[in-house]
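Novice: Structure provided below as structure tokens; questions to follow.
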């Protein structure tokens, strides 16, 4: 028996869902592409700061997206990467590394985090607004007596729907022109461009797939990231391992879920040291949504670093944070901030003897490096389904840390991490993970000749 969706059990969210299910554009329902924003609003009670919303509304009304399409037309596999994160881009390229590039139609919007005028012009073009469509969306919501949040939240939501109309116009043109034989999204369940592409390819009766691209935790209560469970419109979800499968099978049809592995985590990357003799610790701060917990970790580490002056403590943060502001908060001779543009998380993990973190996919990625993991137990700590030494204050962190100097305890922790690693990341015995992706996509493609 599948669990009840939050979009059916939370009244306000369900009201938004019903209004959007009743709003079609070119025979596509608007709910799937707008669902992530709806979940975000219900969870955070707003769509963002005033400045953020005003800038986005301006973009929604006066601009439209454009992508560079690479590949031959007709009967190829359409693949896409439509976010701007270098670490995710590296994963995506690894997923496709064994594919024949001549067999692909590629939409890749990665610009290495650039935010200059040239990068904006590469991704967007000016679009004269169709105020009749915007007014029509407004009237649709008025008919259903639905106001989404504050006046600014409501305008944001209305204009974002209008932006989805423009996306549908543009992306349907790509699908009509290239007529792919299947579509592989990087994140169809939370990226609205890829959601729309999935809907369009589904509409022409072709197979659709999506990669897993971040950890799938077990949520104890509603969270905007529960959209992962509830917005799966791709035919197949290509998963990293058994832990993801076990979580998602309670929410999705099992025949949609296929365990493949992660191409970046095939085998143990770093062998464990025989005894705990730490010299370097990396503290990975989480997304700015967890600002309070990030600040609490910094406060705890300030005291902890003074207790262990011989250890180098290096901080790194989720790229959406203001890294310069975080760096200013570090006050200690052995506290350092490592900016994302100067070092990769993989390099940091290789050089570390143990790590400290909160909510991040890095928790399971670190398992490949045979490192003890200490995790701050904040108010919104997600159940990542792996073992970690949890703490809420300096005393608990120190006690857990000191316990690892006992060889028996240290060995036990590493054995637990090794077990979790195999559960999180399927380890193929013959083919590489990318080759597994390639074979599954071929075998599951409708009308494919095997």
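The values are calculated or read from the model by the stated rules, or taken from the named source; none is laboratory data. For clarity, every value in this text was computed on a predicted model and none was experimentally measured. Here the Cβ positions follow ideal geometry from the backbone for every residue, glycine too, while neighbour counts run over all protein chains shown.
Novice: What is the one condition in (1) within 16 Å of the chain's Cα centre (by Cα); (2) within 25 Å of residue 371 (Cβ to Cβ); (3) part of a helix (DSSP H, G or I) that residue 228 does not satisfy?
Specialist: All conditions pass for residue 228, except number (2).
Novice: When residue 137 is evaluated against the numbered criteria (1) surrounded by fewer than 17 Cβ atoms within 10 Å (Cβ to Cβ); (2) within 24 Å of residue 202 (Cβ to Cβ); (3) modelled with pLDDT of 95 or more, which criterion, by number, is the only one it fails?
Specialist: Single failed check for residue 137: (1).
Novice: I'm checking my understanding of the structure. Among residues of the range 279-307 that are in contact with a helix residue (DSSP H, G or I) (Cβ under 8 Å, 6 or more places away or on another chain) and not in a helix (DSSP H, G or I), which one is surrounded by the most Cβ atoms within 10 Å (Cβ to Cβ)?
Specialist: Within the range 279-307, the match that is surrounded by the most Cβ atoms within 10 Å (Cβ to Cβ) is 283.
Yes/no matrix, rows are residues, columns are (1) assigned to a strand (DSSP E or B); (2) surrounded by 18 or more Cβ atoms within 10 Å (Cβ to Cβ); (3) in the same structural domain as residue 294 (by TED's automatic domain parsing); (4) at pLDDT 95 or above:
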position: 350; (1), (2), (3), (4): no, no, yes, no
position: 355; (1), (2), (3), (4): yes, yes, yes, yes
position: 359; (1), (2), (3), (4): no, yes, yes, no
position: 364; (1), (2), (3), (4): no, yes, yes, no
position: 367; (1), (2), (3), (4): no, yes, yes, no
position: 380; (1), (2), (3), (4): no, no, yes, no
position: 387; (1), (2), (3), (4): no, no, yes, no
position: 390; (1), (2), (3), (4): yes, no, yes, no
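Novice: If we scan the range 5-12, do we find a residue that is part of a loop (DSSP other than H, G, I, E, B) and at negative phi?
Specialist: Of all residues in the range 5-12, those part of a loop (DSSP other than H, G, I, E, B) come to 5, 10.
Filter again for at negative phi, leaving 5, 10.
Within the range 5-12 (the criterion being part of a loop (DSSP other than H, G, I, E, B) and at negative phi), the answer is yes, since at least one residue qualifies.
Novice: When residues of the range 136-166 are filtered for being part of a helix (DSSP H, G or I), within 21 Å of residue 48 (Cα to Cα) and without any contact (Cβ under 8 Å) to a residue 24 or more places away in the chain, how many remain?
Specialist: Counting residues in the range 136-166 that are part of a helix (DSSP H, G or I), within 21 Å of residue 48 (Cα to Cα) and without any contact (Cβ under 8 Å) to a residue 24 or more places away in the chain gives 3.
Novice: What number of residues within the range 308-336 are under 25 Å from the mean Cα position of the chain (by Cα), more than 21 Å from residue 277 (Cβ to Cβ) and surrounded by 14 or more Cβ atoms within 10 Å (Cβ to Cβ)?
Specialist: Initial filter on the range 308-336 (under 25 Å from the mean Cα position of the chain (by Cα)): 314-327.
If we keep only those that are more than 21 Å from residue 277 (Cβ to Cβ) as well, we get 315-327.
Filter again for surrounded by 14 or more Cβ atoms within 10 Å (Cβ to Cβ), leaving 315-319, 321, 323, 326-327.
Count: 9.
Novice: Could you list, in sequence order, all residues of the range 90-122 that are surrounded by 12 or more Cβ atoms within 10 Å (Cβ to Cβ) and at pLDDT below 80? It would help to see each step written out before you state the result.
Specialist: First pass over the range 90-122, keeping only residues surrounded by 12 or more Cβ atoms within 10 Å (Cβ to Cβ): 90-99, 103-111, 113-114, 119-120, 122.
Matches in the range 90-122: 111, 113, 114, 119, 120, 122.
Novice: Within the range 321-358, work out how many residues are over 28 Å from residue 417 (Cα atoms) and touching a helix residue (DSSP H, G or I) at 6+ places or on another chain (Cβ under 6 Å).
Specialist: Going through the range 321-358 one residue at a time, the tally reaches 3.
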